[in-house]
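Student: One structure is given below, represented as structure tokens, and several questions about it will come after.
The values are calculated or read from the model by the stated rules, or taken from the named source; none is laboratory data. These numbers come from a predicted model, not from an experiment. We place every Cβ from the backbone using ideal geometry, glycine too, and count neighbours over all the protein chains shown. Accessible surface areas use protein heavy atoms only, side chains included; no ligands, DNA or RNA. Shrake-Rupley method; radii C 1.70, N 1.55, O 1.52, S 1.80 Å.
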Amino acid sequence: MKNCRDVEPLLAPYVDGDAAPEDRAAVDAHIEACGCCRDDLTAQRVARDLLHARRERLRDAPTPQLRARCAAQAVRAHAQVAPAARRTLISRQVPLAAAATIVLAFAAVFGLGLNNKVQALAFQMTVDHVKCARFNSSPAAADPVLLAQQWSAKAGWPLTVPASSEPAGLELRSVRRCGVTDGRVAHLIYDWRGEPLSVYVLNSKAVAGTSHVQRLGHQSVMWSQNGRTYVVLTGASRREDLAGVVHYMRSNVY
Amino acid sequence: MTGGRPQDSMVFRRRSWAADQPAADGADPFAQEALSYIDSLYGTAMRLTRRVVDAEDLVQDTYVKAFRSASQFKRGTNLKAWLFTILHNTFLNMRRHDGRNPVDVDSDVVERAADMTASQHTPEQLLTRATLNADLQAALDQIPEAFRQAVWLRDVEEFSYAEIADMLEVPIGTVMSRISRGRRMLYERLAKTRMVG
Ligand SMILES: [Zn+2]
Ligand SMILES: [Zn+2]
């Protein structure tokens, strides 16, 4: 018969129900005769069952900031692996501070998977749009000149705010510095024929060409112009009309 | 514009797993799956380091390494186990690096704990009375690292004995014995806590 020392390692798989038949028999024979190991077995079973029952609640949860930082590592690794290859990627000359802020803020929507920065921006903006534009647009039309002045004073860089336009179907509602983008991105909120439409303005040239992204039931069009980057974003309906809005924005920012 | 594209999840399944071959719609299934284990990794890192700052560093370093060496991951093998192996090695490195000793209870405390008889409580009483997760965590944190780690990987993260042996690079018999002893130590800590309270 095995002694106590031989039996000890067998107790864990025994408790788990994983022990090989011959090990199981050896443990059974031993505890029949040995009270110590019998008690040990009971103690181990209690500990194991307790951990098992609590396993979900025992884990400390990572903070959203840590999730964001880790998700950002995926973006960063990709930027290193496959840079310049894609024309629509943010150029490497983008001021890193701005890009990092956006990526970090974006990464809060961790788990969606991303591998290029245009997608990252689009995600980031979409999440902000859903949280922000729906609840923060004031009911009345806003004064673009006043909003632009307030923006420059607060943010330290000048912003052109395209006015409401009947032909484009746009009514300006507000301009926000969004928490989720760390206040670095101007968020212009319009009502577009009854639906919220966001225009984000980054104070840097972040993309080459024009990108269209469709994600999370929203679509966005992104381009850089005169050292700024613009993202027009709205819910997915009437996609064919969005070109008109983009055209209006392009010709009214400078 | 990309109308008529199949569902994202379908795209993922057909794509290469390699991180440098992103799916056309911008989603990276490798990173996505890797990031889905953050709760497990962080929970484990917290039990290993027992300090939030250290646990956060450990998890972030683990991801940095994982994403950099994504191409080395063999598709079809267990990604969670692979990440845990990186976590374990990073933890060892981290400790070696800053020369910090594990804050483990020294062995005589463990011995003394082992001397405590738990017989005043039936196991059932113990189970029902040890209601606080915080108590359980505290009891776990008091058992020596090697045992705590093995028990945690088995009972909380539900890795197999063979997976744990691979991860820690120790023989499977050692894993079994660490888990046996770790569970017993945990029981003893709990019994002691209850008697004190
Ligand atoms: Zn015995
Ligand atoms: Zn906003």
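Student: Condition first: among the β-branched types (Val, Ile, Thr), modelled with pLDDT under 85 and more than 14 Å from ligand 2 (Cβ to nearest atom). Now tell me which residues in the range A:127-166 satisfy that.
Tutor: none
Student: Now for a different question. Determine, yes or no, whether A:Arg177 is away from every other protein chain (no Cβ under 14 Å), at pLDDT below 80, surrounded by fewer than 19 Cβ atoms within 10 Å (Cβ to Cβ) and more than 16 Å from ligand 1 (Cβ to nearest atom).
Tutor: Here the answer is no, as A:Arg177 does not meet what is asked.
Student: Here's a check for you: in the range A:34-48, which residue that is more than 7 Å from chain B (Cβ to nearest Cβ) and assigned to a helix (DSSP H, G or I) is surrounded by the fewest Cβ atoms within 10 Å (Cβ to Cβ)?
Tutor: Top of the filtered list is A:Gly35.
Residue by residue, here is whether (1) away from ligand 2 (no atom under 14 Å from the Cβ); (2) assigned to a loop (DSSP other than H, G, I, E, B); (3) open to solvent by 10 Å² or more (accessible area, probe 1.4 Å); (4) in contact with a Cys (Cβ under 6 Å, 6 or more places away or on another chain) holds:
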position	(1), (2), (3), (4)
A:Ala168	yes, yes, yes, no
A:Ala186	no, no, no, no
A:Tyr190	no, no, no, no
A:Leu197	no, no, no, no
A:Lys205	yes, yes, yes, no
A:Met222	yes, no, no, no
A:Leu233	no, no, no, no
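Here is a yes/no grid of residues against (1) surrounded by 18 or more Cβ atoms within 10 Å (Cβ to Cβ); (2) in contact (Cβ under 8 Å) with a residue 12 or more places away in the chain; (3) within 19 Å of B:Ser160 (Cα to Cα); (4) of a type in the set (Val, Ile, Thr):
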position: B:Ile38; (1), (2), (3), (4): yes, yes, no, yes
position: B:Gly43; (1), (2), (3), (4): yes, yes, yes, no
position: B:Val59; (1), (2), (3), (4): yes, yes, no, yes
position: B:Tyr63; (1), (2), (3), (4): yes, yes, no, no
position: B:Ala66; (1), (2), (3), (4): yes, yes, no, no
position: B:Phe84; (1), (2), (3), (4): yes, yes, yes, no
position: B:Asn89; (1), (2), (3), (4): no, no, yes, no
position: B:Arg95; (1), (2), (3), (4): no, no, no, no
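Student: Among the residues of the range B:171-180, which ones are assigned to a helix (DSSP H, G or I) and more than 7 Å from chain A (Cβ to nearest Cβ)?
Tutor: Residues of the range B:171-180 that are assigned to a helix (DSSP H, G or I), as a first pass: B:172-180.
If the condition is that a residue be assigned to a helix (DSSP H, G or I) and more than 7 Å from chain A (Cβ to nearest Cβ), then B:Ile172, B:Thr174, B:Val175, B:Arg178 are the ones that fit.
Student: Here's a follow-up. Which residues, counting only those in the range A:5-33, are under 54 Å from the mean Cα position of the chain (by Cα), within 11 Å of ligand 1 (Cβ to nearest atom) and open to solvent by 30 Å² or more (accessible area, probe 1.4 Å)?
Tutor: Selection gives A:Arg5, A:Asp6, A:Glu8.
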